[in-house]
Every structure is written in structure tokens, then in C-alpha cells.
Amino acid sequence: MMGPDRVVAEARTWIGTPYLHQASTKGAGTDCLGLLRGIWRALQGVEPEPVPPYTADWAEPDHREVLLEAAGRLLLRKPQDAADRGDVLVFRMRTGSIAKHLGIQSQTGAEPRFIHAYTDHGVVESPLSQPWDRRIAARFAFPKGA
């Protein structure tokens, strides 16, 4: 079962993993989607569906919400104001752009934080500051017993 504490604990074991586009190997390299995939594998064993190869500008030319669509199929959508540890955060990096970044909320309250794989930084735990918070396009939870 993927309870919030287990999700956050597993995400924290990835901190320090270098950023590597399309990768999902703890300690060797990952991108933001690879981090989520790795957490799923660690807590569930089998990924729910294959991930096709993707480019850095994936889904932008046809403006498809590929990441949000996949999250909607595999995770439980939550209200934006229902923050909890272990939530999957989906971000739009620019207003009007498609959602293309993921993170795991690691702390709520007065000093919220999230864990994500970020270009040129690798997997880090960052403050969920106002600039990041306003980019959240959707919030999801892992399904119970998924």
C-alpha cells in the first residue's frame, strides 16, 4: 500500500540522483516522471502501463495534456486546497503551457516542501514557495492499495 509516509520516505531515498532525461534509476539518473515511476515500482513492483519514449518538448506541438491525462487514469485527483504529504503535484512551468513537471509533496503547513527531479539539479527537496505553488495544475494521490 502506498500511504503518504511511505511515498515521502521512498522519494527521499532518491535525493541526490542526477537528472537524466527519460531515465528512472535511483542513484544513476532520473527525470521527474522517472522519479514517480521509481516510487511506484518500489512500493508496488510493476508499473501500471508502459511509458513511450518522449522528447524534451513532448506534447507541446499539438498542445495535448499527456501528463495530466495519464495522471487522471492512474491516480486519484484531489482538490487543489487539500494538500497532504505524498501528493503528486503536476506543474505548468509557464502560464498557458501544457503540464510537464511532477513532484511529490513532502511537507505541508507553514513551510510546505516537495521532492522533484529538476534539470541541472537532480532530485532535490525544495520549498513549495509561491512561484512553485502558483504553477500547480493539479494534485493527485496514489490509489489506496494500488
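The values are calculated or read from the model by the stated rules, or taken from the named source; none is laboratory data. From a predicted model like this one, the values you see are computed outputs, not experimental measurements. All Cβ positions, even for glycine, are placed from backbone atoms using ideal geometry, and neighbour counts span all protein chains on display. Note: accessible area is taken over every heavy atom of the protein model, side chains too, but ligands, DNA and RNA are not part of it. Shrake-Rupley method; radii C 1.70, N 1.55, O 1.52, S 1.80 Å.
I'm told Ala71 meets every condition in (1) closer than 25 Å to Gly96 by Cβ; (2) free of Cβ contacts under 8 Å to residues at least 40 places away in the same chain except one. Can you identify the failing condition by its number?
Checking Ala71 against (1) closer than 25 Å to Gly96 by Cβ; (2) free of Cβ contacts under 8 Å to residues at least 40 places away in the same chain, the one that fails is (2).
Among the residues of region 18-58, which ones are farther than 19 Å from Arg73 by Cβ, in contact (Cβ under 8 Å) with a residue 40 or more places away in the chain and touching an Asp or Glu at 6+ places or on another chain (Cβ under 7 Å)?
Tyr19 - this is the single residue of region 18-58 that is farther than 19 Å from Arg73 by Cβ, in contact (Cβ under 8 Å) with a residue 40 or more places away in the chain and touching an Asp or Glu at 6+ places or on another chain (Cβ under 7 Å).
Scan region 24-47 and give yes if some residue there is in contact with a Cys (Cβ under 6 Å, 6 or more places away or on another chain) and either at pLDDT below 95 or among the hydrophobic types (A, V, I, L, M, F, W, C) (or both), otherwise no.
no
Name the residues in region 67-91 that are open to solvent by less than 10 Å² (accessible area, probe 1.4 Å) and polar (S, T, N, Q), would you?
none
Mind listing whichever residues of region 1-17 are touching a residue at least 40 places away in the same chain (Cβ under 8 Å) and acidic (Asp, Glu)?
Within region 1-17, Asp5 is the sole residue that qualifies.
Can you confirm whether region 110-126 contains a residue that is open to solvent by less than 60 Å² (accessible area, probe 1.4 Å) and free of Cβ contacts under 8 Å to residues at least 24 places away in the same chain?
yes
So the check is Cβ under 8 Å with 6+ separation or different chains; which pairs have a first residue in region 80-91 that's more than 17 Å from Glu125 (Cα to Cα) and touching a residue at least 12 places away in the same chain (Cβ under 8 Å) and a second one that's open to solvent by less than 10 Å² (accessible area, probe 1.4 Å) and among the hydrophobic types (A, V, I, L, M, F, W, C)?
Short answer, once both residue conditions are applied: Gln80/Ala138.
Are any of the residues in region 12-26 in contact with a strand residue (DSSP E or B) (Cβ under 8 Å, 6 or more places away or on another chain), of a type in the set (S, T, N, Q) and surrounded by 15 or more Cβ atoms within 10 Å (Cβ to Cβ)?
yes
Could you grab me the full set of residues in region 1-19 that are in a loop (DSSP other than H, G, I, E, B) and either more than 15 Å from the chain's Cα centre (by Cα) or among the β-branched types (Val, Ile, Thr) (or both)?
Met1, Gly3, Ile15, Gly16, Thr17, Pro18
Within the group Val51, Val46, which residue is open to solvent by less than 70 Å² (accessible area, probe 1.4 Å) and assigned to a loop (DSSP other than H, G, I, E, B)?
So the residue among Val51, Val46 that is open to solvent by less than 70 Å² (accessible area, probe 1.4 Å) and assigned to a loop (DSSP other than H, G, I, E, B) is Val51.
Looking for whichever is over 12 Å from Leu33 (Cα atoms) and outside any loop (DSSP other than H, G, I, E, B) here; the options are Pro143, Pro131. Which one fits?
Being over 12 Å from Leu33 (Cα atoms) and outside any loop (DSSP other than H, G, I, E, B) holds for just one of Pro143, Pro131, which is Pro131.
I'm checking my understanding of the structure. Among residues of region 83-101 that are at pLDDT below 95 and among the aliphatic types (A, V, I, L, M), which one is nearest to Arg139 (Cα to Cα)?
This residue is Ala99.
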